[in-house]
Amino acid sequence: MSKTQTVANFTSCEVSGDGEAIRLSYRDDGGAARDLHLSAEQAGALAMTLPRLLSAALRARSRDPSLRFVFPLAECNLEAAAGSSHRILSLRTSDGFEVCFSLSQEALAEMGELLGLGAEPAGGHGAMH
């Protein structure tokens, strides 16, 4: 039987020397120091899941299905991916959150079309597929 722990605050994080694991240190609601060890693969899966969960929590709290949890963009960079026709799009917030996307030539063309719209398109948003 598993015991649920509540995180009171995160205290530190660390990548293993070989890059295969990540450790998140925190204090539980009783003040005890705890560590959560994740493989790099598990951490990646968690990173892919958290934005969707944050949006779902925001919609549930507000009872507004149109809301999304958003991050304020401070910096972006587009660079060539070595040995590939893809580009790497890096997006960063001022507090250090960063995510990178691999973009195919087709995705770049779609993004260019969206950005070329200038003003907000009819219906309030554009979308890449």
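All of (1) in a loop (DSSP other than H, G, I, E, B); (2) in contact with a strand residue (DSSP E or B) (Cβ under 8 Å, 6 or more places away or on another chain); (3) closer than 27 Å to residue 108 by Cα hold for residue 5 with one exception: (3). The sole residue among 114, 89 that is in contact with a Gly (Cβ under 6 Å, 6 or more places away or on another chain) and open to solvent by less than 70 Å² (accessible area, probe 1.4 Å) is 114. Does the range 36-46 contain at least one residue that is free of Cβ contacts under 8 Å to residues at least 24 places away in the same chain, surrounded by fewer than 13 Cβ atoms within 10 Å (Cβ to Cβ) and on the phi > 0 side of the Ramachandran plot? Checked against the condition, which is being free of Cβ contacts under 8 Å to residues at least 24 places away in the same chain, surrounded by fewer than 13 Cβ atoms within 10 Å (Cβ to Cβ) and on the phi > 0 side of the Ramachandran plot, the range 36-46 yields no hits at all.
The values are calculated or read from the model by the stated rules, or taken from the named source; none is laboratory data. Note that the coordinates shown come from a computational prediction; the quantities given were computed from them, not determined experimentally. Glycine also receives a Cβ, built like all others from the backbone with ideal geometry; neighbour counts cover every protein chain displayed. The accessibility values were calculated without ligands, DNA or RNA, using every heavy atom of the protein model including side chains. Shrake-Rupley method; radii C 1.70, N 1.55, O 1.52, S 1.80 Å.
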